[in-house]
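Input: a single structure, listed below in C-alpha cells.
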There are 2 protein chains.
Amino acid sequence: MKSFDDMVLHFLKDMYYAERAIQKALPELASAAQNDGFKKALLEHVEQTKENAQCLQEAFAALGKTAEAMTCEAMVGLMQEADDVIKGSGVGPVRDAALLACVQAIKHYVIARYSTLVAWLEAIGQKEAASLLQQCLEEEQVADARLNEVVRREINQSLVRG
Amino acid sequence: MKSFDDMVLHFLKDMYYAERAIQKALPELASAAQNDGFKKALLEHVEQTKENAQCLQEAFAALGKTAEAMTCEAMVGLMQEADDVIKGSGVGPVRDAALLACVQAIKHYVIARYSTLVAWLEAIGQKEAASLLQQCLEEEQVADARLNEVVRREINQSLVRG
C-alpha cells in the first residue's frame, strides 16, 4: 500500500471478500432466527449482496483490474460474534435481539466502508467506480433502515412480553 | 444466554473487553500516524477509554455484578485490520487515511453497541446502568464527530496534495 490507488484497491478487495462472506452467512442466520420478519429480511438481503458483489466486480473493471477478494479480518470477527450468539443461545426472542445487534454491526461496517470508498474514488477521479459503490451504499442504507424500524421494534416487543 | 438479562450481561462483558483493547492499542496507532491532529486525537482518546471502562465497571456494579471482560471477536478483527494497515504501509498520508478508516470502524462499532445496550438496559428497567452507558455513548459520538470533521479533512487534503 504505497500509493492512494493501492490503498483504494486494498479496501475494494476487502469489501469483495466481505460481501461474499455475508452472502454465505445470511441463510444460516435466517434459519437461526425465530421472528418471521427478521428471517424474511435476512433472506431478501441475499439478492442485495449478490448485486453488491456484481457492482464491486464492475468497479474493479472500471479501474482496469480483475475482481479479487482479500480476507477482511473485521468481517471475520463480526461473523464470529454472530456465530457465538447462535451457539450460546436457543431459538427465541433473546437470540433474535442478539443476532439483530450482530447483523446491524455488520451492516454499519459495510455502510462505513462504502461511504469511505466512494469518497476516495471520487478523490482519485474514478467517477464510474464511485457511482457504482454509491448504489451499494444507498441500497445498504435502505436495508438497514428497514431492519431498524420494523424488525427491531417487533423483536423488542417480543422480548418485553417474554 | 437464556434470558434477556444474560444477553445484556454478555454484551456488557464484550464492551468491557473492547474498551480495554482500544485503550491498549491507541498509543501504537498514534505512533504509526503522521498527521499531528490525528496523533493528538488518538492520544487524547486514551483518557476517554479509561472513563468508559470506569463507567462499565459502575454499570456492572449497578446490576449487582463484578466487571468481567469476555473476548469481543469483532473488536479483535477490527484491531487486526488496523494492524495489517500498519504492517502494509509506510508513514504518510496514505497510511493515515487507511488508519482513520479503521479507527472510524472501531468507533462506529462501539457507538452501535452502547446505543443497543442503553436501549436494552432501559427495557429491563436498569435505569442507573442505562444512564452510565448513555454518557459513554455521547462522549464517543463527540469524539467521532471531531475525527470526522477535522482529522478526515486534513488527511484527505494531504492525500490529494501528495
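A few remarks follow.
- The single condition from (1) among the polar types (S, T, N, Q); (2) more than 8 Å from every other protein chain (Cβ to nearest Cβ); (3) under 21 Å from B:Q80 (Cα atoms) that A:T116 fails is (2).
- Restricted to the range B:1-10, and to residues there that are in contact (Cβ under 8 Å) with a residue 12 or more places away in the chain and surrounded by fewer than 21 Cβ atoms within 10 Å (Cβ to Cβ), the residue that is nearest to the other protein chains (Cβ to nearest Cβ) is B:F4.
- Here the range B:147-156 is the region considered, the condition is being over 14 Å from A:I124 (Cβ atoms) and touching a helix residue (DSSP H, G or I) at 6+ places or on another chain (Cβ under 9 Å), and the residue that is surrounded by the most Cβ atoms within 10 Å (Cβ to Cβ) is B:I155.
- Test result for B:L29, in contact with a Leu (Cβ under 8 Å, 6 or more places away or on another chain), crowded, with 22+ Cβ neighbours inside 10 Å and either away from chain A (no Cβ under 12 Å) or modelled with pLDDT under 95 (or both): yes
The values are calculated or read from the model by the stated rules, or taken from the named source; none is laboratory data. These numbers were taken from a predicted model, which means no experiment stands behind them. Every residue, glycine among them, receives a Cβ derived from its backbone with ideal geometry; neighbour counts consider all protein chains shown.
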